[in-house]
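Novice: Pasting a structure here, questions to come.
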Amino acid sequence: MGKRWLHIALWLGLAWILPLPTQAQNDYPYATETYPFIQYDLNKLIIPGDSSDFQRLFQRVDDLLFKGTGQINVFHIGGSHIQADMWSDRLRQRLQTFYPGTRGSRGLLFPYRMARTNNPYNYKAVWTGTWSRTRCIERSPELTLGLTGIAVATRDTLTSLRLYFRGDNYPQYAFNRIRIYHDVDPSSFAIRLKNDSVNYRIQAEPQNGCSVLYLDRHLTEMEVEFYRSDSGQTHFTLRGVGLESEDPGFIYHAIGVNGAATTSYLRCDLFEQHLRPLKPDLVVFSIGINDANGPRFSSSAYEKNYDALVQRVKAANPDAAILFTTNNDSYYQRRYPNKNAEQVREAMLRLAEKHGGAVWDLYGVMGGLGSIKKWQARGLANKDKIHLLKPGYQLVGDLLFNALMGAYDDHLCGLAAQPK
């Protein structure tokens, strides 16, 4: 058994998670196959500066694992790599199943199909009414945007939205709170739960840009109606839905918009307001593939934009740990190796040092410049040489999970070395 997983197994009694005896599998316990082009020795978190934010995060993980108390809120923010929720869902399921009792609620999501774009497979949205859309990739968004970077609006006086989980290979998440992000003012339509067997109350939180439905029992699917209850109400703008509970565990919120760059999320005026009540413990930034896709990339502008985003996160929760994931290797116009990924990595290292964050070097781990072609040859990457295929995203999720567990193992080693 390798050192990394030995300490976690000794502390948590998790020897059963190590399915294969080889050294490679010890470093990567969920793997079904290893690849010669992946640089497993680079698969770790790099913390170039102050590590106190991550130590606070790991102390909260200690409370969750050893005492069964608390919730760890993880926010993963990116573009199309995250909107499809394959990479993030893989990491979500790893965090929520590697130890009994760590599966928290589902957290923040968006019904992307309402906005005429691709929805993650693991949940489905069914709605009525006619809705317009706005996304943060638009230079002048028509609707005010928030944490999800996307919004839909209707003037129909009675509409509905149903959300449910597919099941089969995906968990059915139970929740007893529904947080709906919308305009909390007299012009917005009212909200009601479309379920006669559930008692509930609604509390408006204008300071957080949302209303919260408190249910008297747990559900695994929801259906709400938006309706005109007063002649002064003219519209409803939906900016996201949070499915919450008090259950201890990891809550993994994935926020992605196809084509989003750092400038895109800077257009989200309600970003900080929406993030504040959710108190993120760990924010994973995976924005950069769209910023750096071409010869006009400005590393200084990119770093400045990212710095502004981090400031918004820190304003919402000063103790949040920040993790930057570098770009995957890619080509632009499918012909030219994109060397900008190396500038992205250097910018993230500087940002991590400045903000007490960490860097996970996906670019280096996957093999560096030109490695996307090797991933493509093994059925892990798309022919566009930018996106991955589902097995590739799942592999990336497993690698990041192991990097996080490696950093947590170092924390456990520090605890074990302390005088009794």
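Novice: Restricting to region 226-270, name every residue that is open to solvent by less than 10 Å² (accessible area, probe 1.4 Å) and in a helix (DSSP H, G or I).
Specialist: Across region 226-270, the qualifying residues are Thr262, Ser264, Tyr265.
Novice: Please go through region 287-319 and give me each residue that is under 27 Å from Gln59 (Cβ atoms) and either touching a His at 6+ places or on another chain (Cβ under 6 Å) or of a type in the set (A, V, I, L, M) (or both), ordered by number.
Specialist: Leu309, Val310, Val313, Ala315, Ala316
Novice: List every residue pair whose Cβ atoms sit under 7 Å apart, with the two residues 6 or more apart in sequence or on different chains, where the first one lies in region 310-321 and is closer than 20 Å to Ser51 by Cβ and the second, anywhere, is at pLDDT 95 or above and β-branched (Val, Ile, Thr).
Specialist: Here the result reads Val310/Ile322; Val313/Val283; Val313/Ile322; Ala320/Val283; Ala320/Val313, each pair linking region 310-321 to a residue that is at pLDDT 95 or above and β-branched (Val, Ile, Thr).
Novice: Next up: Checking the conditions here, which among Gln273, Gln343 is touching a Ser or Thr at 6+ places or on another chain (Cβ under 6 Å), open to solvent by 10 Å² or more (accessible area, probe 1.4 Å) and either at pLDDT 95 or above or assigned to a helix (DSSP H, G or I) (or both)?
Specialist: Gln343
Novice: Test Ala153 against the stated conditions and say whether it is free of Cβ contacts under 8 Å to residues at least 40 places away in the same chain and either open to solvent by 20 Å² or more (accessible area, probe 1.4 Å) or in contact with a Phe, Trp or Tyr (Cβ under 8 Å, 6 or more places away or on another chain) (or both).
Specialist: Details: free of Cβ contacts under 8 Å to residues at least 40 places away in the same chain: no; either open to solvent by 20 Å² or more (accessible area, probe 1.4 Å) or in contact with a Phe, Trp or Tyr (Cβ under 8 Å, 6 or more places away or on another chain) (or both): yes.
It is false that Ala153 is free of Cβ contacts under 8 Å to residues at least 40 places away in the same chain and either open to solvent by 20 Å² or more (accessible area, probe 1.4 Å) or in contact with a Phe, Trp or Tyr (Cβ under 8 Å, 6 or more places away or on another chain) (or both).
Novice: Further question on the same structure: Might you let me know whether region 160-172 holds any residue that is more than 30 Å from Arg103 (Cβ to Cβ), open to solvent by 10 Å² or more (accessible area, probe 1.4 Å) and in a loop (DSSP other than H, G, I, E, B)? Talk me through it step by step, then tell me what you get.
Specialist: Our first condition is that a residue be more than 30 Å from Arg103 (Cβ to Cβ); within region 160-172, this holds for none.
For region 160-172, residues more than 30 Å from Arg103 (Cβ to Cβ), open to solvent by 10 Å² or more (accessible area, probe 1.4 Å) and in a loop (DSSP other than H, G, I, E, B): absent.
Novice: Only residues that are over 15 Å from Arg92 (Cβ atoms) and not in a strand (DSSP E or B): list them for region 276-285, please.
Specialist: Arg276, Pro277, Leu278, Lys279, listed by residue number.
Novice: Those residues that are part of a loop (DSSP other than H, G, I, E, B), acidic (Asp, Glu) and open to solvent by 10 Å² or more (accessible area, probe 1.4 Å), I need them from region 286-340; list them, please.
Specialist: Just the residues of region 286-340 that are part of a loop (DSSP other than H, G, I, E, B), to begin with: 287-298, 317-320, 326-330, 333-335, 338-339.
Among the residues that remain, those that are also acidic (Asp, Glu) are: 291, 319, 329.
Correct list: Asp291, Asp319.
Novice: Now for a different question. How many residues are acidic (Asp, Glu) and more than 30 Å from Gln59 (Cα to Cα) when one looks only at region 356-407?
Specialist: 1
Novice: Let me ask another. Which helices (runs of 4 or more DSSP H) does region 1-83 wholly contain that include 3 or more residues that are surrounded by fewer than 16 Cβ atoms within 10 Å (Cβ to Cβ) and modelled with pLDDT of 95 or more? Write out each step before concluding.
Specialist: Values: elements: 3-12, 23-27, 52-62, 80-83.
In region 1-83, the matching helices (runs of 4 or more DSSP H) lie at 52-62.
Novice: Any chance region 376-393 includes a residue that's open to solvent by 10 Å² or more (accessible area, probe 1.4 Å), touching a residue at least 12 places away in the same chain (Cβ under 8 Å), more than 26 Å from Lys339 (Cβ to Cβ) and part of a helix (DSSP H, G or I)?
Specialist: yes
Novice: Follow-up. Filter region 84-100 down to the residues that are part of a helix (DSSP H, G or I) and free of Cβ contacts under 8 Å to residues at least 24 places away in the same chain and list them by number.
Specialist: Hit for region 84-100 is Thr97, nothing else.
Novice: If you go through region 118-134 one residue at a time, do you hit one that is closer than 30 Å to Gly68 by Cβ and not in a loop (DSSP other than H, G, I, E, B)?
Specialist: The answer is yes; a qualifying residue exists.
Novice: Report yes if Gly397 is open to solvent by less than 10 Å² (accessible area, probe 1.4 Å) and in contact (Cβ under 8 Å) with a residue 40 or more places away in the chain, otherwise no.
Specialist: Values: open to solvent by less than 10 Å² (accessible area, probe 1.4 Å): yes; in contact (Cβ under 8 Å) with a residue 40 or more places away in the chain: yes.
The answer is yes for Gly397.
The values are calculated or read from the model by the stated rules, or taken from the named source; none is laboratory data. Please read all numbers here as calculations on a predicted model, not as lab measurements. With ideal geometry, Cβ positions are generated from the backbone for all residues, glycine too; neighbour counts draw on all protein chains shown. The accessibility values were calculated without ligands, DNA or RNA, using every heavy atom of the protein model including side chains. Shrake-Rupley method; radii C 1.70, N 1.55, O 1.52, S 1.80 Å.
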